[in-house]
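Heads up: the structure comes next, in structure tokens.
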Amino acid sequence: MSSAAQIRYLVRHAIRVEMRNKHGIAGLAVFAIAAVYTCYQATGMHAERESWNALAWVVLLFTAFNAVSKPWADDASNMRSFLLHTVKPQDWLLARILYYSLMLLGLGALIFAAFLLFLGMDPFTGSGALFFFLGIEATALALASLLAMIQALAARAGGGFSLIAVLGLPLIIPIILVSTRYGMDIMKGIAFGDTAHHLLFLATLTGGFTALGYILFPYLWRD
Amino acid sequence: MIQRSWKIGGLALLGYVLCMIFFVPLGPGLLEFTSTGSAGHVQDQDRKVTVYALTGFGTHWTESPDQLTVVLRHGTQLASLPLIETLDATHVLVGMDLPYTVPSKSWDVLVTHPVDGTLLLENGVFLQDRFIDEQTKWANPEIAEYPAELPFHFPYQPQILETIRNLMLHVPMWFTMFLLMGISFVASIRQLSTAHDLHQDTKAEASVQIGLLFGALGLVTGSLWARYTWGAWWVDDPQLNGALVTVLVYAGYLVLRATIQNIRLRARLSSVYNLFAFVILIILLMVLPRFSESLHPGKGGNPGFNSYDLDSSLRAVFYPAVLGWMMLGTWMYHVRLKASSIERKLRQLQ
């Protein structure tokens, strides 16, 4: 099997496993919506744009950490030894990044929709909401590319959720710094063209993390 | 012998640097030029003038007070102000006898004196009660310029004042941390390419431990400096955030090491994480601050390296300081490495 076919198979397999047991993904969706609803209770219908911006990114961040901290059958040591002989580790990492990307893109859309529903669209002018959504999705991709690697690292170290948080939270700060600044720019009504370099920077981070993971993952995976 | 000589050299450099930091005086400068609100007479003139108080910092105005000249400058236009009284070495009263029609409201204040040389207070005075005609011109007065006759001193910078000495403590801390994290980065790459030996892993751990110590010292010295110049222990600034997060990322490295029991797995996983950490360090401290505005010296028009580079007195201490702290850091790293290697061997014997 070629790499592309293998990756496609692995992603489809991951989705199939996820769908067989829907409570995992449903739990994430409930977590996300409940988090947004908590924000709504705290700020009310017409949130200030500063709180809107801050809460949106915090909810996305926590949902992403929850999403990657779900235990994964492939992390069991017998499963890993099997995969080690059948799949190229790089392909497996790319498949995992792709799978997390799909999941976080979906969750990002859900969170954004819930935010619009509960906290209102007051901060946005013109097509600002659309550009903000673009920012959320770009951030979701960057988070997926980094957290896939961190999750694998933590699982291999046997550390669980707390280790993901300790290792992941400092590492994602560059992403969050860029995203929050982009979100604030959009809400201030700055033209998309003048703040689009933030998105470019996020894309660069995504590419960089993926490349770094691609190079380093084999060392992490083998025995 | 060679080993010992660079350690002694490093200590000698640091001794020199510490002596310079604490004993070299700060050069003179002008603090403020304000109206006292009262009117006064200038000798040999009948006219009443507003009295302005000029405050200096580290100046020597009581020595040959009659040779002190206070000049206002706007563009190429100069105006000499008459002296009323020299109160002490740093305070003097002058009369504001500019004509009613002036080319600008905002003027630089220049002071020349045989001991201090020429001192400048940019936009030091703002005249509110004058009529502006930009075409106004008058003949420039003759100003005697004196070369400064001061012993070796650090340059005076407005607001920064004595805290300029922190340059030799704070900045080299980060340079040393960069060096140590770089050593750790190289050791981690070599660890991943030679899996059978754990020596490189011990190196990576030792250099991160010492590097974190220097990072923490960098945060502390920076925080102290910020308290005196910005008025707060911590401010929200890209450069500061980057520094703090870098320290957290490397703290995560040590946490990861503590989590894993199997030493071979620990060597491999922590090396992988270390490579990530170094890339993040580059992004946070070299790339992101250039994307955003920062208050930190050296960024966005704030005084920093570029203005210091020109000053030979700071260079004479700053470069030895960087070298000295780096030598000390490397030495500490070697001691730590030796201790860790012995610990590892002892554990193998048990």
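The values are calculated or read from the model by the stated rules, or taken from the named source; none is laboratory data. The structure displayed is predicted, hence computed values, not measured ones. All Cβ positions, glycine included, derive from the backbone under ideal geometry; neighbour counts span all protein chains shown.
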Query raised in the report: Any residue in the range A:132-145 that is without any contact (Cβ under 8 Å) to a residue 24 or more places away in the chain and within 12 Å of another protein chain (Cβ to nearest Cβ)?
Result: no
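Does residue B:169 satisfy being in contact (Cβ under 8 Å) with a residue 60 or more places away in the chain and either more than 26 Å from the chain's Cα centre (by Cα) or crowded, with 20+ Cβ neighbours inside 10 Å (or both)? Break it down stepwise before answering.
Numbers: in contact (Cβ under 8 Å) with a residue 60 or more places away in the chain: yes; either more than 26 Å from the chain's Cα centre (by Cα) or crowded, with 20+ Cβ neighbours inside 10 Å (or both): yes.
In short, yes.
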Report summary line: Log entry, pairs with first residue in the range B:70-87 being in the same structural domain as residue B:119 (by TED's automatic domain parsing) and more than 18 Å from residue B:59 (Cα to Cα), second being of a type in the set (Asp, Glu) and buried (at least 16 other Cβ atoms within 10 Å of the Cβ), beta carbons closer than 9 Å, six or more apart or on different chains, reads B:72/B:108; B:73/B:108; B:74/B:108
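Sort through B:265, B:254 and tell me the only one that's over 27 Å from the mean Cα position of the chain (by Cα) and in contact (Cβ under 8 Å) with a residue 24 or more places away in the chain. Quick ask: steps written out before the conclusion?
On the way: B:265 fails: in contact (Cβ under 8 Å) with a residue 24 or more places away in the chain.
Answer to the selection: B:254.
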Requested in this report: Would you point out the residue of the range B:1-46, among those that are touching a Ser or Thr at 6+ places or on another chain (Cβ under 9 Å) and assigned to a loop (DSSP other than H, G, I, E, B), that is modelled with the lowest pLDDT?
Outcome: B:27
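In the range A:151-183, how many residues are assigned to a helix (DSSP H, G or I), over 16 Å from residue A:97 (Cβ atoms) and within 12 Å of chain B (Cβ to nearest Cβ)?
Taking the range A:151-183 as the starting set, the residues that turn out to be assigned to a helix (DSSP H, G or I) are A:151-157, A:160-183.
Filter once more, keeping what is over 16 Å from residue A:97 (Cβ atoms): A:156-157, A:160-163, A:165-167, A:169-170, A:173-174, A:176-183.
Remaining after also requiring within 12 Å of chain B (Cβ to nearest Cβ): A:156-157, A:160, A:162-163, A:165-167, A:169-170, A:173-174, A:176-178, A:180-182.
Residues flagged as assigned to a helix (DSSP H, G or I), over 16 Å from residue A:97 (Cβ atoms) and within 12 Å of chain B (Cβ to nearest Cβ) within the range A:151-183 amount to 18.
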Report task. Read through the list (1) surrounded by fewer than 23 Cβ atoms within 10 Å (Cβ to Cβ); (2) touching a Lys or Arg at 6+ places or on another chain (Cβ under 8 Å), then give the number of the only condition that residue A:162 fails. Result -> (2)
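Do we have residue A:202 as within 8 Å of another protein chain (Cβ to nearest Cβ), at pLDDT 90 or above, within 28 Å of residue B:272 (Cβ to Cβ) and in a helix (DSSP H, G or I) here? Walk me through it before giving the result.
Working: within 8 Å of another protein chain (Cβ to nearest Cβ): no; at pLDDT 90 or above: yes; within 28 Å of residue B:272 (Cβ to Cβ): yes; in a helix (DSSP H, G or I): yes.
For residue A:202, the condition - within 8 Å of another protein chain (Cβ to nearest Cβ), at pLDDT 90 or above, within 28 Å of residue B:272 (Cβ to Cβ) and in a helix (DSSP H, G or I) - is not met.
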Query raised in the report: Restricting to the range A:1-34, what's the tally of residues that are under 12 Å from residue A:107 (Cβ atoms) and free of Cβ contacts under 8 Å to residues at least 40 places away in the same chain?
Result: 4
